[in-house]
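J.: Right, I'll just put the structure down here and ask away after.
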């Protein structure tokens with residue numbers, strides 16, 4: 001079978017390697033260079049390294065709790081039951097997880113985990129270690145790697161995915177297509193995601209009519225370096241994430257007066273679920289007119305440098321000695337819990353199309369992702385998708401599908417008055433109206449404005465990315481407008497019932 005995998009993070013690489021091992025002819029298409037994307041940037045680690053007193057069942061409970069009860073139990077069960085095998089496979093692939101003096105995997109603690117179960121490598125360079133090891137295995141395999149190929153749309157034949165069109169290289173035919181293109185952090189003005197993360201795979205699937213789900217659930221990471229507070233900040237400093245594992249090791253959050261405010265917010269304080277911490281950080285910063293600070297000084301310089309060498313080096317490069325002074329932080333868009341709806345083996349509602357990793361909505365994350373479950377999801381469900389490629393059955397529900405246009409729905413958006421837009425305008429609109437804190441009026445305004453903007457028609461990568469961002473922004477804003485009660489990362493500051501016509505405008 002000819003298998004086309006689009007994307008080379010942990011999910012895409014795992015799928016490609018397992019599919020090749022099963023005898024499939026695999027072509028791996030990468031938008032930029034192999035090794036780009038979010039996986040190499042992942043600091044904290046991969047969950048599922050269970051120690052004494054821990055178990056998959058407890059991990060499942062923590063996952064469901066962090067997701068505000070919105071997760072799908074079968075998907076969560078598949079995730080935690082597959083953790084041991086996934087981590088063993090990564091070790092076999094050459095990932096050098098950090099070890100204790102006794103030779104066991106060193107386990108870190110992160111927010112909303114009741115016990116330390118996070119395996120890490122290089123202290124805080126887990127994603128880079130995983131990416132390097134899997135890429136090395138791909139280079140040794142028969143997998144055909146095509147770098148700098150921008151996939152624009154799915155090829156369909158009688159309602160089945162049969163490949164993709166690309167911007168410069170024509171068409172790529174296949175018996176099975178696996179989308180592993182990551183999330184859509186670049187929908188927002190402030191994000192931890194690199195520039196290439198523009199929601200391309202989800203937008204392609206939407207245009208092809210595949211079902212999506214839970215697009216309203218966008219996670220904002222609470223501790224991203226606030227470069228606005230730094231006199232000599234460089235241009236990319238606002239994108240630098242400070243891992244949740246730092247708080248797991250004992251760092252605390254303090255306001256402008258030095259008060260540790262998370263003790264007043266949640267029983268788990270700094271280790272509360274991410275959506276809780278992010279909202280508290282934003283609220284306290286606004287109330288004081290000054291950024292919240294992450295105080296890791298109690299850990300000491302040697303411990304910080306040894307356990308978090310990447311963060312330590314980056315902060316010092318920016319002139320910050322976090323062993324002596326708390327550092328300013330702010331929330332930023334980080335992870336999309338929703339995506340292309342799949343079954344437990346990555347099948348989408350479109351025959352011939354699979355989706356894995358952040359591109360997919362498996363139901364694992366619910367309304368708010370538990371820390372370090374993303375790498376695990378990519379490894380577990382990437383392998384499951386590869387194992388299912390030869391199966392003939394296709395019974396995925398289309399119940400979560402969204403319409404692409406509200407043009408015929410009488411939704412009140414004047415679609416005849418369309419104007420061009422810039423990416424920065426879209427990102428600022430999404431940040432202000434569809435961001436960490438939302439209200440129905442702002443969401444209604446966002447949906448209307450997004451439908452006034454005309455998709456770009458150019459043939460450049462940037463034009464295609466902007467068109468994808470607009471497609472996805474409309475779907476995300478409409479999904480957020482349709483959910484009239486706060487849940488997890490979808491937090492409404494006020495409530496009212498939105499117009500049914502506007503809800504359909506996606």
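J.: Of the numbered conditions (1) surrounded by 16 or more Cβ atoms within 10 Å (Cβ to Cβ); (2) touching a residue at least 60 places away in the same chain (Cβ under 8 Å); (3) under 23 Å from residue 245 (Cβ atoms), residue 75 satisfies every one except a single condition; which is it?
T.: Just one mismatch for residue 75, condition (3).
J.: Something else about it: Going through the stretch 454-468 one residue at a time, which ones are out of contact with any helix residue (DSSP H, G or I) (no Cβ under 6 Å at 6 or more places or on another chain) and either crowded, with 18+ Cβ neighbours inside 10 Å or under 17 Å from residue 422 (Cβ atoms) (or both)?
T.: The answer is 454, 457, 458, 460, 461, 462, 463, 464, 465, 467.
J.: Residues that are closer than 25 Å to residue 194 by Cβ: find the helices (runs of 4 or more DSSP H) completely inside the stretch 245-364 holding 3 or more of those.
T.: Working: elements: 274-288, 301-307, 309-317.
Qualifying helices (runs of 4 or more DSSP H): 274-288, 309-317.
J.: Restricting to the stretch 418-438, give me the number of residues that are within 17 Å of residue 335 (Cβ to Cβ) and assigned to a loop (DSSP other than H, G, I, E, B).
T.: 3
J.: Considering each residue of the stretch 9-30, count those that are assigned to a helix (DSSP H, G or I) and farther than 16 Å from residue 146 by Cα, and give that number.
T.: Within the stretch 9-30, residues that are assigned to a helix (DSSP H, G or I) and farther than 16 Å from residue 146 by Cα number 6.
J.: Quick test of your reading of the structure: residue 153 fulfils all but one of (1) buried (at least 20 other Cβ atoms within 10 Å of the Cβ); (2) modelled with pLDDT of 95 or more. Name the failing condition by number.
T.: (1)
J.: Quick one: how many residues across the stretch 469-485 are assigned to a helix (DSSP H, G or I) and surrounded by fewer than 16 Cβ atoms within 10 Å (Cβ to Cβ)?
T.: Residues meeting the conditions: 0.
J.: Looking at the stretch 1-42, which of its residues are surrounded by fewer than 24 Cβ atoms within 10 Å (Cβ to Cβ) and within 14 Å of the chain's Cα centre (by Cα)?
T.: Scanning the stretch 1-42 gives 40, 41.
J.: Next question. Is at least one residue of the stretch 170-185 in contact with a strand residue (DSSP E or B) (Cβ under 7 Å, 6 or more places away or on another chain), part of a loop (DSSP other than H, G, I, E, B) and surrounded by fewer than 20 Cβ atoms within 10 Å (Cβ to Cβ)?
T.: yes
J.: Taking the stretch 103-115 only, how many residues are surrounded by fewer than 18 Cβ atoms within 10 Å (Cβ to Cβ) and farther than 21 Å from residue 68 by Cα?
T.: Total satisfying the criteria: 2.
J.: When you go through 379, 383, 407 one by one, which is the residue that is modelled with pLDDT under 95 and either touching a helix residue (DSSP H, G or I) at 6+ places or on another chain (Cβ under 6 Å) or part of a loop (DSSP other than H, G, I, E, B) (or both)? Steps first, please.
T.: Working: 379 fails: modelled with pLDDT under 95; 383 fails: modelled with pLDDT under 95.
Of 379, 383, 407, the one residue that is modelled with pLDDT under 95 and either touching a helix residue (DSSP H, G or I) at 6+ places or on another chain (Cβ under 6 Å) or part of a loop (DSSP other than H, G, I, E, B) (or both) is 407.
J.: Now, a different point. Go over the candidates 293, 260 one by one and state the one that is loosely packed, with under 15 Cβ neighbours inside 10 Å, free of Cβ contacts under 8 Å to residues at least 60 places away in the same chain and in contact with a strand residue (DSSP E or B) (Cβ under 6 Å, 6 or more places away or on another chain).
T.: After ruling out the rest, the residue left standing is 260.
J.: May I pose another question? Tally the residues that are farther than 29 Å from residue 2 by Cβ and over 12 Å from the mean Cα position of the chain (by Cα), restricting the search to the stretch 188-215.
T.: 5
J.: Among 95, 149, which is the only one that is in contact (Cβ under 8 Å) with a residue 40 or more places away in the chain and under 24 Å from the mean Cα position of the chain (by Cα)?
T.: Checking each option against the conditions leaves just 149.
The values are calculated or read from the model by the stated rules, or taken from the named source; none is laboratory data. Computed from a prediction, not measured in an experiment: that's the story for all the values here. In this analysis, Cβ positions are derived from the backbone assuming ideal geometry, glycine residues included, and neighbour counts consider all displayed protein chains.
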